[in-house]
1. Could you sort out which of A:LYS35/B:LYS119; A:LYS101/B:LYS119; B:LYS35/B:LYS120; A:LYS119/B:LYS101; A:LYS35/A:LYS119; A:LYS35/A:LYS120 sit more than 27 Å apart by Cα distance in this structure?
2. Which net charge results when you count Lys and Arg as +1 and Asp and Glu as -1 among the other residues whose beta-carbon is under 14 Å from that of A:LEU34?
3. Could you pull out every residue, at least 5 positions away or on a different chain, whose amide H is within less than 5 Å of the one on A:VAL100? Hs are placed 1.01 Å off N in the peptide plane, and Pro or chain starts have none.
4. Using a 7 Å offset from the Cα along the Cα-to-Cβ direction at both B:ASP41 and A:PHE117, what is the distance between the two label points in nm, to one decimal?
There are 2 protein chains.
Amino acid sequence: MPKATVTKKRTSARLPVRDTCEQVCYDAPLVRTLKREMLADDTVMELVATFEVLADPTRLRIIYALGRGELCVCDLAHVLGMSLSATSHQLRRLRDLRLVKYRYEGRMAFYSLDDEFIKKMVEDAVQHVESD
Amino acid sequence: MPKATVTKKRTSARLPVRDTCEQVCYDAPLVRTLKREMLADDTVMELVATFEVLADPTRLRIIYALGRGELCVCDLAHVLGMSLSATSHQLRRLRDLRLVKYRYEGRMAFYSLDDEFIKKMVEDAVQHVESD
DNA sequence: AGAATAGTTGAGCAATTGTTCAATTATGAT
DNA sequence: ATCATAATTGAACAATTGCTCAACTATTCT
C-alpha cells in the first residue's frame, strides 16, 4: 500500500503527557527508605516557619540589631531607616513567634531577642556569608 | 486680646501623623554603633536569599532527601508526592543557586547536594525542632 | 522512522506577603 | 482639658511565589 500523501498527522496530535511519575525509575531502596524516613509534615511546617522569619531583610536586620542589645521601637525604626508602622508590624510577627520579648516603660516599648537558636543561626549565617 | 469663640476645632482636624521617627528616643550610643556596624545591604540580600530557599516545604524536603543520596528527578518527585514539573521547577532554583549539582545518564538527570553549609544548617534545624 | 519516556520550560493563576496610609490607644507634657 | 508623642492595628495595594498545564527537547526502544 502506497503511502498516502497525508500519512503524517502532525506530531501535535499527541495526547496530554502524564506529569506524574508512577514508577520508581532507578533507586528503589533509597526511595523506600526516604518514604519511610521523610520529615513529618509538622516538622516541615515548623522548619519552614523558622526559615520564613529569616527570609526577609527587615526581620533579619531587626534580629541582628536586637542581638546587640535592647531597643525601643523608635530607635529600632531609626536604625532600620523604616517607618514606625512597618517596624511595629514586623515586631508583632516576631512577638507572635516568641522570638522577641518586650517590656513597657511609660509609653515606650523595649524589645529584645528571646530565642538563642535563632540568634545563633543568624550569627552563623552572617559569619559564613562574610567569610567571602 | 480675648480668645475667640472658635478655639476648639474638633480633634479629628489633626493633621496626618508622622510615621517616621526623626529623633533617637532612648539609647543614642547603641543607635550610633548599630548605624555604623549594621549588616551591609549585599550581606543582607545574600542572607535573605539563603533563608528564602529553605522557607519552602518542597525545597526543604528536596534538600533533606538529597542529603541522603543522589536521586533522579522521577524518584525525587515520587518521594515528594509531587509532579515532575513542580519538582523540576524547584530543582532549577536550587541549581541556579548552586545548592545542587547534577549529572546526566542517558535521558535521566541525577541530582545531589552541593552545599555543605546549607546541608548542615538544615540538619541542625531539624535536630532542634525534633528535640521537642 | 515513529512512539514512548525523562526532563525542562514559559505562561498563567491563586495565594501570600510587606509596605503604606489612616485611625486608634495610651502615656506624658503644658 | 488639650495637645503631642510612642506604639499598635486593620485595610488596601503592589509585588512575589509555587503550582498546573501544555508545549517542547532529547534520548531510548521497537
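1. Values: A:LYS35/B:LYS119 19 Å; A:LYS101/B:LYS119 30 Å; B:LYS35/B:LYS120 31 Å; A:LYS119/B:LYS101 30 Å; A:LYS35/A:LYS119 33 Å; A:LYS35/A:LYS120 31 Å.
Going by Cα-Cα distance, A:LYS101/B:LYS119; B:LYS35/B:LYS120; A:LYS119/B:LYS101; A:LYS35/A:LYS119; A:LYS35/A:LYS120 fall outside the 27 Å limit.
2. Summing Lys and Arg as +1 and Asp and Glu as -1 gives +1.
3. A:ARG95, A:ASP114
4. A separation of 3.4 nm, rounded to one decimal place.
Quick note: the coordinates plus some simple rules give every number you see, no bench work behind them. Owing to the predicted nature of the structure, the values given are computational and were not obtained by experimental measurement. Virtual Cβ from ideal backbone geometry, glycine too; neighbours counted across all protein chains shown.
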